[in-house]
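Each value in this text was obtained by applying a stated rule to the coordinates, not by laboratory testing. The model shown is predicted, which means the values in this text are computed figures rather than measured ones. Cβ atoms come from the backbone with ideal geometry, glycine included; neighbour counts cover every protein chain shown.
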Ligand SMILES: [Fe+2]
Ligand SMILES: [Fe+2]
């Protein structure tokens, strides 16, 4: 039985998708003027930067995608290049959303539209992005990456995890669950 090299990443997608659902729900309410818990958006930005980007995207970019390149996938004009571009596009939406949230927190009126727009744009982008990884890129990786490379890929993930505190995932699960229970 081959060592699975994408299951961990698929599991991380589940938690990221729960945050995306929260962004969709709350951004729609913000656009209508019925949700102004700006702290939610700041926690969302922190989740995306730390859990989705620094933790999950780093495993993809530094470990799995590198392994695909070593197995012949081109770096340019390839599915990897497209995934990297989408990671960057996501960072841009989140940056714009954060700036508007900070303005709202500082008392500036009328930031709801830009916050909701960027939260929803991020959610749509990442939902599609995760779909492509789960359904196309990860299954491809499971097919093409030889057994001999698999232990070092898992070791790469473990090394990335070792840089985070022991309660890292539990902490972000708690943040997501807390907002899921918010009425
Ligand atoms: Fe990705
Ligand atoms: Fe991913």
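For the pair region 12-82 / region 114-181, the C-alpha centres are spaced 7 Å from each other. Rounded, prolate or oblate for region 111-183? Axes are the square roots of the Cα gyration tensor eigenvalues, ordered a ≥ b ≥ c, and the cut-off for rounded is a/c under 1.5. It is oblate, given that a/c is not under 1.5 and a/b is not larger than b/c. Each residue in 35, 172 was given a count of other beta-carbon atoms within 10 angstrom of its own, and listing them fewest first yields 35, 172.
Extension gain for residue 21-residue 105 works out to 27.9 nm (0.36 nm per residue, less the C-alpha to C-alpha distance). Derived value for the chain: Kirkwood hydrodynamic radius 17.4 Å. Basis is the mean of 1/r over every pair of different alpha-carbon atoms. A Stokes-Einstein calculation at 4 °C with viscosity 1.567 mPa s, built on the Kirkwood radius of region 4-80 over Cα pairs, returns a diffusion coefficient of 90 µm²/s.
The angle separating the long axis of helix 7-32 from the principal Cα axis of greatest extent in the chain is about 20 degrees. Mean sequence separation of contacting Cα pairs (under 8 Å, at least six apart), scaled by the length of the chain, corresponds to a relative contact order of 39 percent. For the chain, the longest principal axis of the alpha carbon atoms and the long axis of helix 168-180 meet at an angle near 40°. Here is the P(r) of region 23-124: all C-alpha pair distances, binned every 10 Å from 0, give 15, 40, 24, 14, 6, 0 in whole percents. The helix-only estimate of mean residue ellipticity at 222 nm for the chain, built from DSSP H runs of length n ≥ 4 each weighted as -39500 (n - 2.57), is -23000 deg cm²/dmol after division by the residue total.
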